[in-house]
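To start, the structure itself, in structure tokens.
The values are calculated or read from the model by the stated rules, or taken from the named source; none is laboratory data. The structure presented is a predicted model; accordingly, all values stated were derived computationally and were not measured. So basically every Cβ, Gly included, is an ideal-geometry build from the backbone, and we count neighbours across all protein chains shown.
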């Protein structure tokens, strides 16, 4: 099916537009944009620079994708934003393209839901099936793994990693990595318990849930230390694959600086 482009939209003739794409009124599409089939830009959407949108995304009004990174060290090199399939970006979402500090790409996977006024800064890497609520801000180089959920008006520090199936409560300030399967909240946000709702919703086994709960108690309440916790969990027969992923994540976190596993040096 042919694409629908509003007469008052501006689309550079060099842009690549797939089949059955809807580009609504007052959209601005730059020369290096690629839009996959079935994607809808409702109105007043701006694609700047090298932006790739996959299939069947829905982009709401006043979204800006691909603007230069808000990084004073950026020198104008050709960097990009890559977005997969089936994402929903609500009103006022901003996604900056990458900087020269990593691979030059800000990337989103598939089937993510970003609510109004979410900001995704340069070099962020988001997996798939992620929900980010209104007004939450991701600083540069943040990684968010699959099935994580972030509540509204949270602020995430540079180089933080949020693990899979983690949950962040509203108004939280995140300075340190949030391990997978944990529910975190606060200023500064800390793991408070396991994310039991997500674990049950996604059919995690009872041994996996019990093992994660035991790991949380050992690590964050009795605070026995990582190696001792691993020994106790192993001796109790609770070293499920999920528990091992949790412990490996925390081990990597401890090897980094400032509670952020990927920050091995101070940001420039």
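Okay, residues lined up against (1) farther than 26 Å from residue 156 by Cα; (2) more than 20 Å from the chain's Cα centre (by Cα):
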site	(1), (2)
205	yes, yes
209	yes, yes
212	no, yes
216	no, yes
221	no, yes
238	yes, yes
251	no, yes
255	no, yes
262	no, no
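For the subset of the range 214-235 comprising residues that are in contact with a helix residue (DSSP H, G or I) (Cβ under 8 Å, 6 or more places away or on another chain) and within 25 Å of residue 149 (Cβ to Cβ), which member is surrounded by the most Cβ atoms within 10 Å (Cβ to Cβ)? Among residues in the range 214-235 that are in contact with a helix residue (DSSP H, G or I) (Cβ under 8 Å, 6 or more places away or on another chain) and within 25 Å of residue 149 (Cβ to Cβ), the one surrounded by the most Cβ atoms within 10 Å (Cβ to Cβ) is 215.
Scan the range 25-42 for residues that are out of contact with any strand residue (DSSP E or B) (no Cβ under 7 Å at 6 or more places or on another chain) and surrounded by fewer than 18 Cβ atoms within 10 Å (Cβ to Cβ) and the total you get is 4.
So that you can scan it fast, the table gives a plain yes or no per residue for (1) outside any loop (DSSP other than H, G, I, E, B); (2) modelled with pLDDT under 95; (3) closer than 17 Å to residue 126 by Cβ; (4) within 17 Å of the chain's Cα centre (by Cα):
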{"site": "14", "(1), (2), (3), (4)": "no, no, no, no"}
{"site": "37", "(1), (2), (3), (4)": "no, no, no, no"}
{"site": "43", "(1), (2), (3), (4)": "no, no, no, no"}
{"site": "61", "(1), (2), (3), (4)": "no, no, no, no"}
{"site": "69", "(1), (2), (3), (4)": "no, no, yes, yes"}
{"site": "78", "(1), (2), (3), (4)": "no, yes, no, no"}
{"site": "95", "(1), (2), (3), (4)": "yes, no, yes, yes"}
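Anything in the range 19-35 that is assigned to a loop (DSSP other than H, G, I, E, B) and more than 22 Å from residue 105 (Cα to Cα)? List them, or say none.
Going through the range 19-35, the residues assigned to a loop (DSSP other than H, G, I, E, B) turn out to be 19-21, 24-27, 30-33.
If the condition is that a residue be assigned to a loop (DSSP other than H, G, I, E, B) and more than 22 Å from residue 105 (Cα to Cα), then 19, 20, 21, 24, 25, 26, 27 are the ones that fit.
Restricting attention to the range 191-205, the residues that are in contact (Cβ under 8 Å) with a residue 12 or more places away in the chain and exposed (fewer than 15 other Cβ atoms within 10 Å of the Cβ) total 3.
Does residue 153 satisfy the criteria of being out of contact with any strand residue (DSSP E or B) (no Cβ under 9 Å at 6 or more places or on another chain), part of a loop (DSSP other than H, G, I, E, B), in contact (Cβ under 8 Å) with a residue 12 or more places away in the chain and surrounded by fewer than 19 Cβ atoms within 10 Å (Cβ to Cβ)? If you could, list the steps in order and put the result at the bottom.
On the way: out of contact with any strand residue (DSSP E or B) (no Cβ under 9 Å at 6 or more places or on another chain): no; part of a loop (DSSP other than H, G, I, E, B): yes; in contact (Cβ under 8 Å) with a residue 12 or more places away in the chain: yes; surrounded by fewer than 19 Cβ atoms within 10 Å (Cβ to Cβ): yes.
Taking the combined requirement at face value, the residue does not satisfy it.
For every residue, the table says whether it meets (1) without any contact (Cβ under 8 Å) to a residue 60 or more places away in the chain; (2) within 20 Å of residue 50 (Cβ to Cβ); (3) in contact with a strand residue (DSSP E or B) (Cβ under 9 Å, 6 or more places away or on another chain); (4) buried (at least 20 other Cβ atoms within 10 Å of the Cβ).
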site: 101; (1), (2), (3), (4): no, yes, no, no
site: 108; (1), (2), (3), (4): yes, yes, yes, yes
site: 113; (1), (2), (3), (4): yes, no, yes, no
site: 124; (1), (2), (3), (4): yes, yes, yes, yes
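Taking the criterion of being within 11 Å of the chain's Cα centre (by Cα) and assigned to a loop (DSSP other than H, G, I, E, B), the residues of the range 124-135 that qualify are 124, 127, 128, 129, 130.
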